[in-house]
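Worksheet: one structure, shown below.
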Amino acid sequence: MTSASVTTASGVERRWWSLLGLCLVTALVWVTASDISIALPTIARDLGGTMDTLQWAVNGYFLAGAFIIVGGRVGDIYGRKLLFAIGTGLILLGSVVAALAPSPAILIIGRVLEGIGAAAVLPTALAIIAVIFTGKQRDTAIAAWIAVCWGAQALGPLVGGVIVEGLNWRWIFWINLPIGIVALLITWWATPETRDAHAARRIDIPGVITLVGSIFLLSWALVQFDTLPTAAFAGMMIGAVVLMVVFVLIERRVASPVIVLSIFRMRRFDGAVLANLIANFVFGGVIFFMALYLQVVEGYDPLTAGLLLLPATIPILIVNPLGNWLGRRFGPAWPTAVGMACLAVAAVLLLDLTGDYSRLIAPFILIGIGIGLQITPCAATAVEDPGDAGEGVVSGVFKASSMIGGSLGVAVGTAVFQTSARSQLETLLNSPPAETLSKVLDVLTGGLQLDDIASLIPGDARQLITDVFDAAVGQAMWPTIAVSLLGVIVAIVLLRGKAPAGGGGH
């Protein structure tokens, strides 16, 4: 199915250099995805903007990543190495736009460009690795790449804190340029071109439009949940469902679908994709709110906040090899189920944020352990048997679940947070004017300093902000608990068993 010129001695030797280049750009993708969370309060004070606006700097990146499924198909047709290079170029272009942004709107445009680039990079990187490596070396290479994905995403807040504190928030984008250029040169030199020799050379445009449109409508409705009229919210949700149904109908009839729907008849593939989506849902939402909490409520600077998030991120890297070993020895079900249970317990512990930072250490560590146990078993399972779909498509669907999960985690959490905070403030401040309510909400998101609006709040303004934030985040944790428990069921029901004999060989 796939052509690759890696049989020569030089090709075999260079593939480890190829892995290095692929991992460097992948690290760039995920650091870029998460380092902005720690910088949002600073950006809000510099450029202005509410949480509803600025979270699109996060969600715009992830939503553009919905094109990741399309990226997998394009890479299969026209060449994965070529698309990887184009995607890297788009990330660098988006970084320049974001770095120069004079307003939130331009910042979001830059982030969307970066997200489209990520949508090209991620499926092609995983597909290239799945093709140019075989046997145990393939498992090792995938484990290394997945560790880079999560390690970079985990360390992003710290990187962002160091840059914001030491330089300026715009440097979280400028720093991408030298790293991306060097990584692209290494990858272009060391990576053979691969493609699906049997793939039809055309793209299902109606399928692309309906798929991306459905995901966009769903996320937009969730982001605007607290401000949309009920009828408008319901209409957007219905529209998202209708577009998804139309997408499925299109894919069942076209000759060259975006997604070969038969892959969803594979139980283990479905389990891997759902588990990955849930893991990213939990991690994306928790890191988003904890980065805000440490700065807005606890008053830490961005660098300190990034350091204090390390207990949630370092365990991912430490536990990942154990998760890989458990997955290979016993199959992906149990490490994934235990990991999901850890995430659920962590979310329960975050229902109450009263007290000092020490109370956050245990849930943070549980999050890191929970993620670390499942990431490599799920990734290896997703690409073990691509069937007629091709490596690019299965890789694209799997990594799309990362982007969509992260986006939904932030969107759902924010919808619950905003609704809860608004309700509390209307009660505590006795139905304040809309302008006052808006300003107090801006304090909760770091857009304004408490001193700027203290005169608008009777009594102890800081205590009010703390109480409202704590209670609103507690409410935002309930969806996290629910999806984590769902993840336990997904793991036990869909991921049981081991890889089929010969599965994943190339």
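Only the coordinates and a few stated rules stand behind these numbers; no lab work does. What you see is a predicted model; the values in this text were computed from it and never measured. Positions of Cβ are backbone-derived with ideal geometry, glycine not excepted, and every protein chain shown enters the neighbour counts.
Numerical summary
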read-out: Residues Val96 and Val242, FRET efficiency given R0 of 30 Å [Cβ-Cβ distance, rounded to 0.05]; value: 0.20
read-out: Length released on extending from Asp467 to Asn430, taking residue separation times 0.36 nm less the Cα-Cα span; value: 11.7 nm
read-out: Label corresponding to semi-axes √(5λ) of the Cα gyration tensor in Å when calculated from the structure given, among (1) 34, 25, 24; (2) 37, 23, 23; (3) 50, 30, 22; value: (2)
read-out: Furthest towards positive pole of dipole, Ile86, Val74, Gly355, structure part the chain, Cβ charges; value: Val74
read-out: Estimated vicinal HN-Hα couplings, Hz - region 411-416 in sequence order (Karplus 6.51, -1.76, 1.60; Gly, Pro = x); value: 5, 5, x, 5, 4, 5
read-out: Helix 205-223 axis, angle to the chain major axis (alpha carbon atoms, nearest 10°); value: 20
read-out: Net +/- balance of residues flanking Arg359 in space, Cβ distance below 15 Å, scoring K and R +1, D and E -1; value: -4
read-out: Estimated [θ] at 222 nm from DSSP helical runs (n ≥ 4, -39500 (n - 2.57)) normalised by residues in the chain, nearest 500; value: -26500 deg cm²/dmol
read-out: Cβ-derived FRET efficiency at R0 51 Å, Ile209 paired with Val348, nearest 0.05; value: 0.80
read-out: Charge sum, other residues only, whose C-beta stays under 10 Å from Thr191's C-beta, Lys/Arg counted +1 and Asp/Glu -1; value: +3
read-out: Cα gyration tensor category, rounded, prolate or oblate, for region 111-264 with a/c compared to 1.5; value: oblate
read-out: Sorted by Cβ neighbour density within 10 Å, fewest at the top, the residues Tyr61, Tyr357; value: Tyr357, Tyr61
read-out: Principal-axis tilt of helix 51-64 within the chain, Cα atoms, nearest 10 degrees; value: 0
read-out: Contour excess over end-to-end distance, with Cα ends at Glu193 and Tyr357 and 0.36 nm allotted per residue; value: 54.1 nm
read-out: In degrees, nearest ten, helix 310-330 long axis to first principal axis of the chain (Cα); value: 30
read-out: Under the Karplus curve 6.51 cos²θ - 1.76 cosθ + 1.60, θ = phi - 60°, whole-Hz ³J(HN,Hα) for region 163-179, x wherever Gly or Pro sits; value: 5, 4, 6, x, 10, 6, 4, 5, 6, 5, 9, 4, 5, 5, 5, x, 5
read-out: Extension gain (nm, one decimal) between Arg202 and Ala232, 0.36 nm per residue minus Cα-Cα; value: 7.2 nm
